[in-house]
Amino acid sequence: MSAGLLTPFDEVARLLRQRRRRLVSADLLLWRVGGAGLIVVALLKVAVIPLGVWTLSDMPAGVVWFNAMDVLIWALVWLAGWGANSAHSLIGGYRFLAQALSYELPLMFALTAPVVAAASLRVGGIVMAQQDLWFVVWMPAAFLIVCLSVVAFSVWGPFSTAAGADLSGGVLSELSGTDRMLVLVGRYALLTAGAGFAVTLFLGGGAGPLLPSWAWVVVKTVALLAVFVGVRRRIPAVRPDRFAEVGFLVLLPVALVQLLVVSLVVVLGG
Amino acid sequence: MTLETVLVVAAALFAVGLYGALSQQVVVMIMMGLELMINAIILAAAAMWWYVAPVPDGQVLLLVILAAMTVEMAMGFAVALLYHRGRGADMTDMATDLSR
Amino acid sequence: MPVPDASVSESIAFWILSILAVAAGIAVFRVDSMARATYALAISFVAVGGTVLLLRLDYIGLITVLMMVMEMAIMAIFMIMLMGMNPALMPMSMVHNNKGAVGISVAVFLILAAGALLVPWPIDGRETPGPRADRTVELGNSIMGPHMLVMIAVSAVLFATIVAGLVLAVPRGRYQRFGDDLQHRPARDPRRGGVGR
């Protein structure tokens, strides 16, 4: 067992040679699709994030594409829970859907705030509109809601009850070998893609004094990712049924008020 | 990909949805047939928009269709849930009270 | 001016998506488990959303994919709640009047396809579309301007749907939650909420 920087390689090697589990009457097709799809969704999200001046696809509705991809995660995590034909993983899948319903509406409104300020659904247009002032300065509530949703859709930290220890791993409980590696890597990839998108939308993308813009995107993404990773074990897990009231009674009005403030600033000539 | 081919594909989807809506006994499977029919209508409306009149006002019809589908699904599932709670059944063959 | 002929890659993408949509639609009524039926329908919707994207409607196509995957994820929960099946695959086919339904749907398909192929669609007087990047803005302008009635009507209908859905689905009313004099706070719910109400 090596510690420190070699741990990721060690874990990958261990999981690659571990035997994959076969369960009685598991729905194998849906289970594998749910497990392997998380990385695919993370890569699809990265396709619209500009790395400085380069981007894979500056589609005209890039923000809506990001939102559509994180709704695919709903389906994938539930399928990973359902396909294993096991009680604990099924409960994990249901927990994820309950929590996703609570953060999704505030996320959609929070993603609309930079769109209104930049008057464009294109991610490139939003980066260009932040040249004077980063959006995080006058949209902090939207930034916090997007960060919360990134942590939540990656089944991470305070929102990891779907993979919780009280369910012996929840969605992860019946996975082993390559499937487990794909789901774990998928979680990390989603967290990184979400951090990159939050940086692009609120922290100015590649703007910064000395380094080239792609280096600034990497630096800012790593910084935000470090905050997310630091939050993992410092905040206790949030129960999805308790979070429902928080999502609808606190986060949704905050997102709407934030959107109102942004719209007023844009209309009155900011 | 001409207008005629897209409309034929939409007609095929509509026919599959109609088969489901007519032949299934369970309420939620009937609703899946209805969803497929509205799916076909979305495709046909988008094709009409692009090939006949790509004006911005034409997209409003697609938004209306999406809203109609949402309403239908919400109400359908609420009623199915009520029915299941009241009778413990989910098949339409047991919902023949009006005929008595 | 009528649409120029589609490029080869567009035609290939369209045929792949169309075959996927129709095959997934047929699979909804043929597969052996409820979760598979629901996600076959989700695949059909995603294929139609992709075709709408091919028809240069970016926002509508992406919104279709988003809404439909979300709805299918929730519909899977309802399916399993109402029909109580487990992930094992068991043949399930509960139909009535199968032959009649097949006959009617084949007849409807033939009539609609004949209509699609024989009607002289007015594609000659087609105006040139605006730039693709502006399409969403123009949709927004038209629904807040000349078509404001649509916006008002759809908003009222959706709000009524939310209220009606909750009224129908929630089994407890005000009196069970707040007591006979409607004064008991916090409400008597099976799960206490996170905000303490």
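Please report the relative contact order for the range A:21-265, taking Cα pairs under 8 Å with a sequence separation of at least 6, and give it as a percent rounded to a whole number.
Once normalised by length, the contact order is 29 percent.
Pick from B:GLY86, B:GLY58, B:GLY33: which is most flexible by mean-square fluctuation in a GNM of chain B where alpha carbon atoms under 10 Å apart are linked?
In this elastic network of chain B, the residue with the biggest mean-square fluctuation among B:GLY86, B:GLY58, B:GLY33 is B:GLY86.
Based solely on its DSSP helices, what 222 nm [θ] is calculated for chain A when runs of n ≥ 4 H residues each add -39,500 (n - 2.57) and the sum is averaged over all residues, nearest 500 deg cm²/dmol?
Mean residue ellipticity at 222 nm (helix-derived): -21500 deg cm²/dmol.
What are the ³J(HN,Hα) couplings of the range A:67-84, residue after residue, when phi is run through the Karplus curve with 6.51, -1.76, 1.60 and θ = phi - 60°? Round to Hz, x for glycine and proline.
Each residue of the range A:67-84 in turn: 5, 5, 5, 7, 7, 4, 5, 3, 4, 5, 5, 5, 5, 5, x, 6, x, 7 Hz.
Relative to the first principal axis of the alpha-carbon coordinates of chain A, what is the inclination of helix A:7-17, with its axis defined by its Cα atoms, in degrees from 0 to 90 and to the nearest 10?
Taking Cα atoms only, the helix is inclined about 40 degrees.
In the range A:1-70, what trypsin sites (Lys or Arg not before Pro) fall in a loop by DSSP, with at most 12 other Cβ atoms inside 10 Å? Walk me through the numbers before you get to the answer.
Values: sites: A:ARG14, A:ARG17, A:ARG19, A:ARG20, A:ARG21, A:ARG22, A:ARG32, A:LYS45; in loops: A:ARG19, A:ARG20, A:ARG21, A:ARG22.
Those that pass, being in a loop and sparsely packed, are A:ARG19, A:ARG20, A:ARG22.
Are there trypsin sites (Lys or Arg not before Pro) in the range A:169-238 that DSSP marks as loop and that have at most 13 other Cβ atoms within 10 Å, and which are they?
A:ARG232, A:ARG233, A:ARG234
Mean 1/r over all different Cα pairs, inverted: what Kirkwood radius does the range A:21-265 give, in Å?
18.3
Taking only C-alpha pairs under 8 Å that are 6+ residues apart, what is the relative contact order of chain B in percent?
Working: 83 pairs, mean separation 27.3, N = 100.
For chain B, the relative contact order is 27 percent.
Tell me, what ³J(HN,Hα) does each residue in the range A:50-63 have, in order and in whole Hz, if you take phi through Karplus 6.51 cos²θ - 1.76 cosθ + 1.60 with θ = phi - 60° and put x for Gly and Pro?
Karplus-based 3J(HN,Hα) across the range A:50-63 equals x, 9, x, 9, 9, 8, 5, 7, 8, 5, x, 10, x, 5 Hz.
Give the shape of chain C as rounded, prolate or oblate, defined through the alpha-carbon gyration tensor: a ≥ b ≥ c are the square roots of its eigenvalues, a/c under 1.5 means rounded, and otherwise the shape is prolate if a/b is larger than b/c and oblate if not.
oblate
Which whole number gives the average, over all residues in C:170-177, of C-beta atoms from other chains lying within 10 Å of the residue C-beta?
Values: counts 2, 3, 0, 0, 0, 0, 0, 0.
Per residue, the average neighbour count from other chains is 1.
Once amide H atoms are placed 1.01 Å from N in the peptide plane, what residues at a sequence separation of 5 or more from A:ARG122, or on another chain, have their amide H within under 5 Å of its amide H?
For A:ARG122, the qualifying residues are A:GLY62.
Under unit Cβ charges (Lys, Arg +1; Asp, Glu -1), what dipole magnitude, rounded to 20 debye, does the range A:21-265 have relative to its Cα centre? Display every interim value, and only then the final one.
Working: 14 positive and 10 negative charges, 102 e Å.
Using Cβ point charges on Lys, Arg, Asp and Glu, the range A:21-265 gives about 480 debye.
Compute, for chain C, the length of the dipole vector about the Cα centre, with Cβ point charges of +1 (Lys, Arg) and -1 (Asp, Glu) only. Units Debye, rounded to 20.
Dipole of chain C, to the nearest 20 debye: 980 debye.
Assign unit charges at the C-beta atoms only (+1 for Lys and Arg, -1 for Asp and Glu), then state the dipole size of the protein assembly as shown relative to its Cα centre in Debye, rounded to the nearest 20.
Working: 36 positive and 31 negative charges, 393 e Å.
My answer is approximately 1880 debye.
Under the rule a/c < 1.5 gives rounded, and otherwise a/b versus b/c splits prolate from oblate, where does the range C:24-122 land using the Cα gyration tensor?
Verdict is oblate for the range C:24-122.
If each DSSP helix of 4+ residues adds -39,500 (n - 2.57) and the sum is divided by the residues in chain C, what number results at 222 nm, nearest 500 deg cm²/dmol?
Computed ellipticity for chain C at 222 nm equals -21500 deg cm²/dmol.
Nearest 500 deg cm²/dmol is fine: what mean residue ellipticity at 222 nm does chain B get from its DSSP H runs of n ≥ 4 alone, each adding -39,500 (n - 2.57), divided by its residue count?
Helices in chain B give a 222 nm mean residue ellipticity of -27000 deg cm²/dmol.
Just to confirm, what accessible area per residue do you get for the range A:21-265 at 1.4 Å probe, in whole Å²? Kindly include the intermediate steps, with their values, before the conclusion.
Numbers: 9490 Å² over 245 residues.
With the other protein chains kept in place, the range A:21-265 gives 39 Å² per residue.
Kirkwood hydrodynamic radius (Cα pairs, Å) of the protein assembly as shown?
Working: mean 1/r = 0.0393 Å⁻¹.
For the protein assembly as shown, inverting the mean 1/r across all distinct Cα pairs yields 25.5 Å.
Pop a pseudo-label 7 angstrom from the Cα along the beta-carbon direction at both A:PHE9 and A:VAL261 and give the gap in nm to one decimal.
4.8
Normalized C-alpha radius of gyration of the range A:142-270, against 2.2 N^0.38 Å? All intermediate terms of the calculation are to be shown ahead of the outcome.
Working: Rg = 17.5 Å, N = 129, 2.2 N^0.38 = 13.9 Å.
So the range A:142-270 has a normalised radius of gyration of 1.26.
The values are calculated or read from the model by the stated rules, or taken from the named source; none is laboratory data. Remember, predicted model here, so these are calculated numbers, not experimental data. In this analysis, Cβ positions are derived from the backbone assuming ideal geometry, glycine residues included, and neighbour counts consider all displayed protein chains. Side chains included, ligands, DNA and RNA excluded: accessible areas come from the protein's heavy atoms. Shrake-Rupley method; radii C 1.70, N 1.55, O 1.52, S 1.80 Å.
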